[in-house]
Amino acid sequence: MRKLIALLILIVIANISSAGIYYTQDEEGAVTRTKGDTPYPENAIWQTTINHNVPVGEIAIVDGVLVRVPVILPVPSLTPLQFRLGLLTQGITEAQIITMLESIEDPTEQAVALLTFNHASVIKRDNAMVVSMGATMGFTELQMDEFFRTASEIE
């Protein structure tokens with residue numbers, strides 16, 4: 001019986017510690033966490049399974065439900081060496097890339113792609129050559145993002 005009473009007391013204390021915390025969302029979608037007394041504002045969300053210590057930037061309100069949104073990691077740019085070594089780790093040689101770029105039918109696009117591949121000081125994920133190469137090789141957008149993140153760790 002004492003264990004049951006102690007358990008009930010712990011449950012009440014846990015509920016009290018998060019009492020008065022509610023979330024609202026402004027017109028631009030930004031979520032705000034507020035600790036205050038009731039009554040809550042009309043648009044407030046207070047019942048949630050999300051830990052109240054989660055950074056507000058990782059929370060969204062979707063259809064009246066508080067959800068934790070994934071953190072999207074930035075996609076870094078690569079040095080030409082990182083790009084080439086990253087391709088090599090995927091089993092793709094420099095000669096294969098040059099052959100692929102030389103197969104571009106439009107002479108201007110081909111020249112731009114070859115110049116970019118051979119002389120760019122930085123390879124950016126959103127570069128037209130990179131996007132085209134990824135699509136030609138059958139990489140998804142997520143796979144390309146992950147390739148850039150992984151290759152950026154090559155020193």
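Can you find a residue in the stretch 124-132 that is crowded, with 17+ Cβ neighbours inside 10 Å, touching a residue at least 12 places away in the same chain (Cβ under 8 Å) and either touching a His at 6+ places or on another chain (Cβ under 8 Å) or of a type in the set (Ser, Thr, Tyr) (or both)? Taking every residue of the stretch 124-132 in turn, none turns out to be crowded, with 17+ Cβ neighbours inside 10 Å, touching a residue at least 12 places away in the same chain (Cβ under 8 Å) and either touching a His at 6+ places or on another chain (Cβ under 8 Å) or of a type in the set (Ser, Thr, Tyr) (or both). In the set (1) modelled with pLDDT under 75; (2) within 30 Å of residue 121 (Cα to Cα); (3) surrounded by 11 or more Cβ atoms within 10 Å (Cβ to Cβ), the condition left unmet by residue 40 is number (2).
Do we have any residue at all in the stretch 93-106 that's surrounded by 11 or more Cβ atoms within 10 Å (Cβ to Cβ) and either assigned by TED's automatic domain parsing to the domain that holds residue 45 or touching a Lys or Arg at 6+ places or on another chain (Cβ under 7 Å) (or both)? Taking every residue of the stretch 93-106 in turn, at least one turns out to be surrounded by 11 or more Cβ atoms within 10 Å (Cβ to Cβ) and either assigned by TED's automatic domain parsing to the domain that holds residue 45 or touching a Lys or Arg at 6+ places or on another chain (Cβ under 7 Å) (or both).
When only residues in the stretch 135-155 that are hydrophobic (A, V, I, L, M, F, W, C) and farther than 18 Å from residue 82 by Cβ count, which is farthest from the chain's Cα centre (by Cα)? Out of the qualifying residues, it is 135. Restricting the search to the stretch 138-155, which residues are under 19 Å from residue 99 (Cβ atoms) and either buried (at least 16 other Cβ atoms within 10 Å of the Cβ) or in contact with a helix residue (DSSP H, G or I) (Cβ under 8 Å, 6 or more places away or on another chain) (or both)? Scanning the stretch 138-155 gives a single hit, 139. Among the conditions (1) charged (D, E, K, R); (2) surrounded by 11 or more Cβ atoms within 10 Å (Cβ to Cβ); (3) modelled with pLDDT of 90 or more, residue 68 misses just one, which is (3).
The values are calculated or read from the model by the stated rules, or taken from the named source; none is laboratory data. Note that this is a predicted model, so its numbers are computed, not measured. Neighbour counts run over all protein chains shown; Cβ positions are idealised from the backbone, glycine included.
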